[in-house]
Amino acid sequence: LSRGTVALIAVLSTLCLAAAAWAGIAERPLQAQFRAGVPHVSFSARELEDPKLRRALESGLGKQLVVTVQAFPSGGEQAIASATHACRVTFDLWEEDFVVRIGNQHERLPSLDAVLSRCLEIRALPVGTADDFRPYVGKRVFFAVRAEFNPISRSRCHGLLRSPGSADPIGPVVVNIVRREICRAEKATEFRSADVEVPR
Amino acid sequence: MRPGKLRGLLRPTRFERKILLALAVVALGSVAGALLLVGSAVRDAYRTGVNASFGDDLAGGVEVRREKLLLTRTVTRLLASRIADDARFRDALAENDAEAAAARIEALGASHEALERVRLAPIVDVRFPREHDEPEERRAVVEKRPVGDATLELYFGIPESLFEDYQRAGDTAEVYARLLERRDFVSGTYVAIYSALVFAITLLAAGIGVILSRRVTERVRSLVHATRRVGAGDLTVNVPVKSDDEVAELIQSFNDMVRDLAESRARVEYLQRIGGWQEFARRLAHEIKNPLTPIQLAAQEMRDSYGGDDEAHRRRLEDAVAIIQEEVATLRRLVSEFTDFSRLPKVKGEPADLRDFLHEIRRSVPALLADLGADGLVEVRVEGPKGVVPVEIDSMMLKRAMDNLIRNAVQAVQESSATGGHVYVTAEVGAGGVTLEVRDDGPGLDPADFERAFDPYFTKKREGTGLGLPIVKKIVLEHGGSIHAKAAPEGGARFVLHLPLSRPELD
């Protein structure tokens, strides 16, 4: 199996599993306001927080908090749009405060609570564009949320778990599968919103 | 691949199912054993390489790097406090002696590589130019200390590698911890992928097995089909021999058997047909022979009893009687030949030497040529093996057959050429028996007559009865041999006789 085939199988499997999975997960209130045709969602994923997570964030090592929101048509399986709110959090051992990087922006926050609030309490996150939702005007959609603690990025994962030599026919396949397992989030939570109508 | 072939591949025959079952038992048995061993070996190997002891050491390494970073921070802060609290520095500041204050800072900071600049606006600003062997990225850190109403700012350049090493060690330890936590998953994945590949290879091997077995079973099926055709009486069957294995040998044996069976049946049928013609000839000879003498006597009586004076009538009578006597003589000769044909004895094989047999033929040639009036005109050459060749033949009957063939050949040469020609009689011994050949350089036979020439009463000679070649063939067939008419390389006819040897080792 080539890497491409493995990746294709993985993507298809993920899509199918994701579509099937959203149907069974917990539903909770999630505020979605459409502005200029674009939904802006607000919610909290603070339940991800636990003592282990707090210790990890205070260790001085860079950690990730990633919140992904996907919009689906009601009863549908094909995502309409998605948005990601990814925080890289590092406790600065020198300054004894937290450096939070979101995209290309850095900010310093004095406490862990402030970090968790900044990274897990999402306020007015735009999901997709107006064009994405135009075909669904007047129809019902829902938002699915996945909040993850410390997924290892693809590049870091490849750097840490390297494929063996090309002479080994099994190794590269196994490493690909193992990477997906090992580099996924340490902890994750998922929930979805109730169906909402896309306003005209 | 054609749909029929695909269907055939997916629907194996009983024989193929047995082969597949044998393959499956052997392959799956060995694969199952291999998978058990491999699974155990992979798990053991993985547990040897990924275990809690290494994980603890890695976590310890991370802690060491963190402590090193914190120690660097402590040292830096202590230095900042020491400079800020230094009495001589403070005295210099109290005396408003900027030069002395700067000199004191230079003295205090000279030995501290991380210190890059000390500033107390607006009177003191000391820089420490550092020349590093290997320039590296440094993280700028500022320590601030109150000095009177002002603030002393100390700028440090902390090597970025301290932070990076800590992060890298932390990442590695984390991944290792995950690998440790999920080691059953990782080793299980190895075993699962290996099993899947082995299973795929086994399937491939089974497919190849089917294809290879089909090469054998197809030939066996052809053989079964051919056997059924033979059972239904079709002896023209010939199964193609495509390789040189045991199945090919079986097919070759089958083909030989069918060919022998066909030849045997043809021989029996021919002999039966000849037997019928012999009976017919016997009756015909009997029916013709009886009235010949009264006809001849009546004609003579009619001629002798005429007492008239009419010379013309007498002459007509004489001519008529002469014609009747001539035709009666012809009929007597025919009757004689028919009788000979009908009384042709059965062949009785006896041990003989082929060389002696050929010698007899060679000895009879001059008389035969003289009888045909071909002496000096046609040359008959008889050649054969020099040594003793034991055969089981009826010498008298076989000689009669050879005489017939030689006689025909001489007559053919005589009729075609006024200047004469040659007749060749040869004998060769091979593994399959003896091959006798009589050929001439006469006009030859029409290829369409090669088979018909052996039919009774088929002749192209002016005075022939068409019994010579059937007699020859009957004799040859009764010897267990075969005879074929062909074209001779010299342009004439060629008759080839194959006779089996009597020696047991050559049978």
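FYI, it's all coordinate maths here, none of it is from the lab. On a predicted model such as this, the values are computed, not experimentally measured, just so you know. So basically every Cβ, Gly included, is an ideal-geometry build from the backbone, and we count neighbours across all protein chains shown.
Phi angles across segment B:207-212 convert, under the Karplus curve 6.51 cos²θ - 1.76 cosθ + 1.60 with θ = phi - 60°, into 3J(HN,Hα) values of x, 5, x, 5, 5, 5 Hz, Gly and Pro given as x. Estimated from the Cβ-Cβ distance and a Förster radius of 35 angstrom, the FRET efficiency linking residue B:107 and residue B:137 is about 0.75. Extension gain, residue B:360-residue B:200: 0.36 nm per intervening residue step, less the Cα-Cα distance, totals 49.9 nm. In terms of its C-alpha gyration tensor, segment A:86-177 has an oblate overall shape, because the principal axis ratio a/c (a ≥ b ≥ c, square roots of the eigenvalues) is not below 1.5 and a/b does not outweigh b/c. In terms of Cα atoms, the Rg and Dmax of segment B:21-164 work out to 29.9, 106 Å. For segment B:249-291, the Kirkwood estimate of hydrodynamic radius, built from reciprocal distances between every pair of different alpha carbons, is 12.7 Å.
The per residue volume of the convex hull around the alpha-carbon atoms of segment B:17-60 is 49 Å³. Based on DSSP H segments of at least four residues, each scored -39500 (n - 2.57), the protein assembly as shown has a per-residue ellipticity at 222 nm of -18500 deg cm²/dmol. One compactness figure for chain A is 1.15, namely its Cα radius of gyration divided by 2.2 N^0.38 Å.
Counting, for every residue in A:59-65, the Cβ atoms of other protein chains within 10 Å of its Cβ and taking the mean gives 5. Take the Cα pairs of chain B, get the Kirkwood Rh, then feed it into Stokes-Einstein at 25 °C and 0.890 mPa s and tell me D in µm²/s. D, rounded to a whole number, is 68 µm²/s. Rg over Rh of segment B:412-480, using C-alpha atoms and the Kirkwood radius, what does it come to? Radius of gyration over Kirkwood radius for segment B:412-480 works out to 1.01. Modelled this way, with points 7 Å down the Cα-to-C-beta line, the labels at residue B:332 and residue A:124 are 14.7 nm from one another. Charged neighbours of residue A:100, selected by a Cβ distance under 11 Å, balance to +2 (K, R count +1; D, E count -1). Whole-percent P(r), the protein assembly as shown, all Cα pairs, 20 Å bins from 0: 11, 21, 17, 11, 10, 14, 9, 5, 1, 0, 0.
A crude spin-label estimate for the pair residue B:348 and residue A:58, with each label 7 Å from Cα along the Cβ direction, gives 12.9 nm. Using Cβ point charges alone (K and R +1, D and E -1), the dipole size of segment B:77-214 about the Cα centre works out to roughly 900 debye. A crude spin-label estimate for the pair residue B:268 and residue B:241, with each label 7 Å from Cα along the Cβ direction, gives 2.6 nm.
Placing unit charges on the Cβ atoms only, positive for Lys and Arg and negative for Asp and Glu, gives the protein assembly as shown a dipole magnitude near 2180 debye about its Cα centre. Listed by chain and number, the lysines placed with their C-alpha closer than 23 angstrom to that of residue B:144 are B:68; residues fewer than eight positions away on the same chain are left out.
Its relative contact order, with pairs defined as Cα atoms under 8 Å and 6+ residues apart, puts chain B at 10 percent. Dividing the convex hull volume of the alpha carbon atoms of segment B:100-249 by its residue count gives 270 Å³ per residue.
For segment B:14-88, the Kirkwood hydrodynamic radius from C-alpha pairs, put into Stokes-Einstein at 25 °C and a viscosity of 0.890 mPa s, yields a diffusion coefficient of 132 µm² per second. Calculated over segment B:355-473, the projected area of the Cα convex hull averaged across directions stands at 7.9 nm². Considering only B:251, A:93, B:492, and ranking their Cα positions along the charge dipole of the protein assembly as shown that arises from unit charges at the beta-carbon of Lys, Arg, Asp and Glu, the one farthest toward the positive end is A:93.
Across segment B:324-420, the convex hull enclosing all Cα atoms gives 112 Å³ per residue. Based on alpha carbons, the Rg and Dmax found for segment B:187-249 are 20.1, 67 Å. Its residues counted as N, segment B:76-125 yields a C-alpha radius of gyration over 2.2 N^0.38 Å of 1.05.
Using the Cβ-Cβ distance between residue A:195 and residue B:164 with R0 set to 60 Å, the FRET efficiency works out to roughly 0.80.
The GluC sites (Glu not before Pro) found in segment A:64-130 that occupy coil by DSSP, while having at most 14 further C-beta atoms within 10 Å, are A:77, A:95, A:96.
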